[in-house]
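*Asks:* Below is a structure I'd like to ask you about.
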Amino acid sequence: MSGDETVKGVILLRRKDLGGRDVASWRVYKPVVDGEKCVKCGLCAGYCPEAAITMGEEGPVLDLRFCKGCGVCANECPAKAIAMEKEA
Amino acid sequence: MGEFDVMAGNKAVAHGARLARVEVVPVFPITPQTTIVEYLADFIADGLLDAEYIQSEGEHSCLGMAVGASLTGARTFTATCSQGLAYMHEVVAQATSYRTPLVMAVANRTLGWYWSIGPDYTDVMPEINLGWIQSFVESNQEALDMTLQLYKVAEDRRVMLPAMLNLDGFYLSYSQERVELPEQEAVDEWLPPYEAPFPIDPTVGDSWSTNLVPQRLHTTYRRLLEEVLRDSEAVIREVGEGFATAFGRGYGGLVERYRCDDADSVLVTMGSMTTAARRAVDRLRAGGERIGLVKLRFMRPFPHQELAEIAGQVDAIGVVDRAVLHGTGGGLAFTDVKSSLYNLEDGPPVVNFVAGMGGDDISIDDFQAMGRSVLRTAETGRIDQEVRYIEHEAPPPPEPVKLDWDQPVYPGSDGCAGCGSSIIFRHLMKVLGEETIVINPPSCATINYNPVSKAPMILANYAAGAAFETGVYRALRKKGKADKVYLTSFSGDGGTVDIGLQSISAAAERGESFIWVCYDNEAYMNTGVQRSSSTPMFAHTTSTPVGEVWRGKPQRRKDMVMIMAAHRIPYIATASLAYLPDLERKFRRAAEVTRAGRGLAYIHVQQPCATGWYFPEEKTVEVARLAVQTGAWPLVEVEDGLVKLNIKPRELKPIGDYLKLQRRFRHLSEEQISLLQEEVNRDWERWLSLERLGKLPWY
C-alpha cells in the first residue's frame with residue numbers, strides 16, 4: 001500500500017506494486033510430475049488454486065514459489081502422473 | 001467456591017450468560033466476538049443451557065430480535081462489535097426508549113478502516129451516548145463477573161435500561177486467563193429470574209411500554225432518562241458490593257483508584273490496557289514519582305463525582321484514549337473528562353494520549369513515558385501538547401513477487417491450501433479480464449485476493465454489496481463506460497443469501513445490469529464456520545453444533561435459483577469448479593447479457609471448503625464433482641425463464657458417496673441420510689419437470 005502527495009492520509013493499492021504471493025514456506029509436500037505418464041491434458045494447471053502450474057510446450061511448468069502443497073493436482077491427474085513428495 | 005479454569009474472555013462471558021440463565025440468545029458472528037456465541041451454541045446443544053438460540057441474518061435483525069424478546073419479558077443476551085454494532089445502531093437507540101434490560105457484550109474492534117480486526121473503542125463511541133449502561137472490563141474474570149452484575153443492575157426497577165459490556169477484542173476475548181466459575185446455586189440465589197414489569201404479552205399484563213411521545217414532551221423525557229442514569233450509579237455500587245459479599249470479588253464502583261492516595265498526577269485508562277498502566281505506575285512509584293491510576297469501569301453513567309474528587313487532589317490528569325473523536329482533535333474519554341471538570345474552580349490541566357488504535361500494543365514503557373509527561377505537566381502547570389499520539393513503526397509488508405504474468409490474478413494467495421474459491425476466482429477473472437471492477441462483501445476472498453488482483457477489488461459493507469455494485473454501475477453508465485468495464489461481485493454465501501439478500505433483491509428488481517457471482521462454501525467460513533441459510537440440512541457448523549440435544553442444522557437450504565427467478569432476471573446459473581468448461585461458459589454468458597444492458601446475471605458456484613467441511617484439501621475438486629454426480633448440486637441454467645439442467649448423469653450416485661467424505665456430516669444417522677437422499681431425488685425430479693415446462697410461467 002502507498003500514499004499520495006496530493007491527498008494526505010489516503011491509502012492506495014497501486015497496480016504496478018502488485019505481484020505474486022510467495023507461499024512456498026507453507027507446504028510440507030510438493031508435487032513431482034512424471035513426464036512419461038503425463039498426457040498434457042492441462043487439468044492440473046486448470047485446477048491449481050494458486051496458478052503455480054501453467055502449461056508449457058513440453059507439458060506442465062511448476063513455479064514452486066506459489067505452491068502450498070495442497071495436492072489437488074495430484075488428486076485430479078487422470079494419468080496419475082503427479083506424486084506428492086515430502087519436502088526435504 | 002466455584003471451580004477454576006483457564007479460559008479466553010469470550011468463554012468467560014459465555015459462562016456468565018449461561019449462569020445468568022439467559023432465555024433468548026440471538027446471534028450473528030463477527031471477529032473477535034464470534035466464539036462467545038459459539039460457546040453458547042455448544043452449551044445449548046449439550047443441554048447445559050435451556051435457551052432459544054436464533055441464528056440471525058444480520059446484526060440489525062439480531063438486535064431487533066433481542067429487543068423483541070426483552071419486550072416480551074425474556075432475559076436476553078447478545079454480542080457483537082465494530083461493523084456489526086454499527087449496523088445495529090438504530091436499534092441500539094430503540095432498546096433505550098423501550099426500557100429493555102438486555103445485556104450485550106461488545107468484544108471491541110476498530111470501526112475504522114474496514115478490514116481491521118484489532119481492538120479499540122471506535123466501535124462503542126457512536127453508541128455510548130444513546131442511554132445504555134456502558135461498562136469496560138480489564139480481565140476475563142471481570143468479564144464474567146460483570147455479565148452477572150449487569151443483569152442485576154439493568155433489571156433493577158430504578159434502572160430498566162440496556163447494558164453494554166465492553167471487553168477488548170483479542171487482548172481479552174481471545175487471550176486465556178485464570179477464571180473462577182461461580183456455582184450455579186450461588187448465582188441463582190443472588191440473581192433471581194427476570195420479572196419483566198410490563199411485558200407485551202396480553203395474557204400477563206395490560207400495559208406495555210411505548211415509543212410514541214408527543215413532541216412537546218421530548219425534552220422532559222430526555223431529562224427523565226438522564227435522571228435514571230444518575231440513579232443507576234447507586235444501583236451499580238450496591239450491586240458491586242453485594243457481588244463482593246456473595247462471591248468474594250470486589251472491583252470498586254464506577255471507578256477504581258490505584259495508588260492515588262498521595263498522587264500529584266494520575267493517568268486515566270479503561271479496559272485491558274489498565275494492567276500495563278498499573279505496572280508503569282509501579283515503576284514510576286519505585287523511582288519516587290507520585291503518580292496514580294484511575295480505571296474507568298463505567299463510562300455511562302459518567303463518574304462525575306469521583307473525577308471531581310480526584311481533580312481536587314492532583315495537579316495534572318493524563319487521559320489515555322483508544323478512540324478518536326474525529327474533528328475535535330482528541331479522544332472520547334479525554335473529551336468526557338475535560339468537559340466534566342471544566343466548571344470546577346481551580347481544576348487541574350487535562351492532557352490526552354491517543355494510543356493503541358487498531359489493536360496496536362501499548363507497552364509498559366509507553367505508559368511510563370505517558371506518566372512522565374503528565375508528571376512534567378503537574379510540575380510546570382503548563383500544557384506543552386494537549387493531545388499526544390503514541391505511534392510506533394511498522395515492519396514492512398511482504399514483498400510481492402515480480403514476474404511476467406498475463407493473467408488478471410497473480411499466482412499465490414493468502415487462501416487456505418486447496419481453496420476452491422481460488423479456483424473459481426481465477427477462472428472468473430480469466431473470462432472477464434483485468435478491465436473489471438470486483439465488488440467483494442466481507443468473506444474469505446477479501447483476505448485472499450486483494451494483494452494479487454490486477455482488477456480493483458472493493459470491500460463493500462456486508463449488507464450493501466449489491467448496493468455498492470449498483471452505485472458503481474450507475475456511475476459507469478453515466479460516464480458512458482458501462483459497456484467498457486465489466487462489473488461483478490465475488491461474494492460468499494453469507495453476503496448473498498442472508499445479510500446481502502435485501503440489496504440483491506432490490507438490484508434485481510430495478511434491473512441493474514451487472515454480474516453477481518456467489519462462491520458458496522455453505523457457511524460463514526471467514527468467521528469460523530457458522531451456519532448460513534445455504535448450509536445443507538444436518539450439517540455441523542459452530543452455530544449448529546452436534547451435541548446431546550442438537551444434531552446439526554435442522555433446516556433445508558434456501559433455493560437461490562428460484563428466488564432470483566422470481567425476480568425475472570435474464571440469466572441465472574449454478575456452476576461447479578469441477579466442471580470448468582461449463583463454469584467458464586456461464587461466466588461468458590453472464591458477461592454478454594450484462595454488457596448488453598439486459599439486467600442482472602446471477603451465478604451461484606459451489607465451493608467445497610476443506611477447512612470448514614473437514615476433508616483433506618487435495619479432494620476439493622473430487623468433492624465438487626461428487627456433489628454434481630449425486631445430485632446434491634444440480635448444474636442448471638435459467639435464461640429468460642427457460643430452465644435447463646446442464647449435466648444429467650444417467651443415474652445419480654447415492655448421496656452417501658458425497659456425504660461420507662466430509663466430517664461435517666459424520667454424525668448422520670441412517671435416517672438422516674435417507675431423508676437427504678429423498679430430498680435430493682425430489683429436487684432432481686423438480687428440475688426435470690421445470691425443464692419440461694418450457695418457460696417459467698411468470699416470466
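*Asks:* If the viscosity is 1.306 mPa s and the temperature 10 °C, what Stokes-Einstein diffusion coefficient in µm²/s follows for the range B:282-351 when Rh is the Kirkwood radius over Cα pairs?
*Replies:* Diffusion coefficient, whole number: 121 µm²/s.
*Asks:* For the range B:240-346, run through the GluC sites (Glu not before Pro) and keep only the ones in DSSP coil with at most 12 other Cβ atoms within 10 Å of their Cβ.
*Replies:* Numbers: sites: B:241, B:256, B:289, B:306, B:309, B:345; in loops: B:289, B:345.
When the GluC sites (Glu not before Pro) of the range B:240-346 are filtered for loop state and at most 12 Cβ neighbours within 10 Å, B:345 remain.
*Asks:* Rounding to the nearest 20 debye, state how big the charge dipole of the range B:489-611 is about its Cα centre with +1 on each Lys and Arg Cβ and -1 on each Asp and Glu Cβ.
*Replies:* Details: 14 positive and 11 negative charges, 54 e Å.
Rounded to the nearest 20 debye, it is 260 debye.
*Asks:* Kindly state, to the nearest 0.05, the FRET efficiency for residue B:48 paired with residue B:669, given R0 = 30 Å and r defined as their beta-carbon distance.
*Replies:* 0.85
*Asks:* Can I ask one more? So, how do all the Cα-to-Cα distances of the range B:163-278 break down into 10 Å bins, in percent, from 0 on up?
*Replies:* Cα pair-distance distribution for the range B:163-278, in percent: 9, 22, 33, 23, 11, 2, 0.
*Asks:* Right, next: Looking at B:635, B:190, B:79, which one has the Cα that reaches farthest to the positive end of the dipole of chain B (charges on Cβ: Lys, Arg +1; Asp, Glu -1)?
*Replies:* Among B:635, B:190, B:79, the one farthest towards the positive end of the dipole of chain B is B:635.
*Asks:* How much FRET efficiency would the formula 1/(1 + (r/R0)^6) give for residue B:642 and residue B:158, where r is the Cβ-Cβ distance and R0 is 56 Å, rounded to 0.05?
*Replies:* That gives a FRET efficiency of 0.25.
*Asks:* Please state the charge dipole magnitude for the protein assembly as shown, taken about the Cα centre, from unit charges on C-beta atoms (+1 on K and R, -1 on D and E), reported in debye and rounded to the nearest 20.
*Replies:* Here the protein assembly as shown has a charge dipole of around 2760 debye.
*Asks:* Compute the normalised compactness of chain B: alpha-carbon radius of gyration over 2.2 N^0.38 Å, N being the residue count. Spell out each step's value before the answer.
*Replies:* Numbers: Rg = 27.9 Å, N = 699, 2.2 N^0.38 = 26.5 Å.
The reported ratio for this selection is 1.05.
*Asks:* Sticking with this one: Using only the alpha-carbon atoms, what does the range B:547-699 span along each of its principal axes? Please give whole angstrom values in decreasing order.
*Replies:* Taking max minus min along each principal axis of the Cα atoms, the range B:547-699 gives 52, 32, 32 Å.
*Asks:* If you average 1/r over all unlike Cα pairs in the range B:8-151 and invert the result, what Kirkwood radius do you get in angstrom? Show your work: numbers first, answer last.
*Replies:* Numbers: mean 1/r = 0.0672 Å⁻¹.
Taking the inverse mean of 1/r over all distinct Cα pairs, the range B:8-151 comes out at 14.9 Å.
*Asks:* Sticking with this one: Which whole-angstrom value gives the distance between the alpha carbon centres of the range B:542-585 and the range B:83-122?
*Replies:* 30
*Asks:* Share of Cα-Cα pairs in chain A beyond 15 Å, in percent? Write down the numbers at each step before the final one.
*Replies:* Working: 2379 of 3828 pairs.
Here the long-distance tail beyond 15 Å is 62 percent of all Cα pairs in chain A.
*Asks:* Within the range B:106-144, which residues have the backbone N less than 14 Å from the label spot 7 Å out from residue B:225 along Cα→beta-carbon, could you tell me?
*Replies:* Inside the label zone: B:127-134.
*Asks:* For chain A, give me every cysteine whose Cβ has no other Cys Cβ within less than 4.7 Å, ordered by residue number.
*Replies:* A:38, A:41, A:48, A:67, A:70, A:77
*Asks:* Further question: Take every Cα pair under 8 Å in chain B that's 6+ residues apart, average their separations, divide by the length, and report that relative contact order as a whole percent.
*Replies:* The value is 10 percent.
*Asks:* Write down the Kirkwood hydrodynamic radius of the range B:318-446, to one decimal in angstroms, obtained as one divided by the mean of 1/r over all alpha carbon pairs. Walk me through the intermediate numbers first.
*Replies:* Details: mean 1/r = 0.0515 Å⁻¹.
Radius from the Kirkwood sum: 19.4 Å.
*Asks:* Which log10 I(q)/I(0) values, to two decimals, does the range B:583-643 give at q = 0.16, 0.26 Å⁻¹ under the Debye formula with one point per Cα?
*Replies:* With no solvent term, the Cα-only Debye profile gives -0.65, -1.08.
*Asks:* Place +1 on the Cβ of every Lys and Arg and -1 on the Cβ of every Asp and Glu in the protein assembly as shown, take the dipole about the Cα centre, and give the residue among B:594, B:65, B:110 whose Cα lies farthest towards its positive end.
*Replies:* Positive-end residue among those listed: B:594.
*Asks:* Based on DSSP H runs of at least 4 residues, each adding -39500 (n - 2.57), what is the mean residue ellipticity at 222 nm of the protein assembly as shown after dividing by all its residues, to the nearest 500 deg cm²/dmol?
*Replies:* On the way: 23 runs with 275 residues, N = 787.
Rounded to the nearest 500, the figure is -11000 deg cm²/dmol.
*Asks:* Give me P(r) over the range B:536-626, computed from all C-alpha to C-alpha distances, binned every 5 Å, as integer percentages.
*Replies:* 3, 12, 16, 16, 17, 15, 11, 7, 3, 1, 0
*Asks:* How many times 2.2 N^0.38 Å is the alpha carbon radius of gyration of the range A:38-86?
*Replies:* Normalised Cα radius of gyration, the range A:38-86: 1.01.
*Asks:* By the scheme Lys and Arg +1, Asp and Glu -1, what is the net charge of all other residues having a beta-carbon under 15 Å from that of residue B:342?
*Replies:* Summing Lys/Arg as +1 and Asp/Glu as -1 gives -3.
*Asks:* Taking just the alpha-carbon atoms of the range B:210-369, what radius of gyration and Dmax come out, in angstrom?
*Replies:* According to the Cα coordinates of the range B:210-369, Rg and Dmax are 17.7, 61 Å.
*Asks:* Give, rounded to the nearest 20 debye, the magnitude of the charge dipole that the range B:190-232 has about its Cα centre when Lys and Arg contribute +1 at Cβ and Asp and Glu contribute -1 at Cβ.
*Replies:* My answer is approximately 320 debye.
*Asks:* Let me ask something else. Bins of 10 Å, beginning at zero and ending with the bin holding the largest distance: percent of Cα pairs per bin for the protein assembly as shown, please.
*Replies:* Taking all Cα pairs of the protein assembly as shown, the binned fractions are 3, 12, 20, 22, 19, 14, 7, 2, 0, 0 percent.
*Asks:* Then there's this: In whole Å, what is the distance between the alpha-carbon centres of the range B:442-470 and the range A:16-88?
*Replies:* The distance from the Cα centre of the range B:442-470 to that of the range A:16-88 comes to 28 Å.
*Asks:* Round to a whole angstrom and tell me the spacing of the C-alpha centers of the range B:250-320 and the range B:166-224.
*Replies:* The range B:250-320 and the range B:166-224 have Cα centres spaced 29 Å from each other.
*Asks:* Using the Kirkwood radius over C-alpha pairs as Rh, can you work out the diffusion coefficient of the range B:247-301 via Stokes-Einstein at 25 °C, viscosity 0.890 mPa s, in µm² per second? Intermediate results must be reported in sequence, preceding the final value.
*Replies:* Details: Rh = 11.7 Å.
So the translational diffusion coefficient is about 210 µm²/s.
*Asks:* In the range B:618-696, which GluC sites (Glu not before Pro) fall in coil by DSSP and have 11 or fewer other Cβ atoms within 10 Å?
*Replies:* Sites meeting the loop and neighbour criteria: B:651.
Bear in mind that the values in this text are calculations on the coordinates, not laboratory data. Worth saying up front: this structure is predicted, and the values here are computed from it rather than measured. Heads up, the Cβs are rebuilt from the backbone with ideal geometry, glycines too, and the neighbour counts pull from every protein chain shown.
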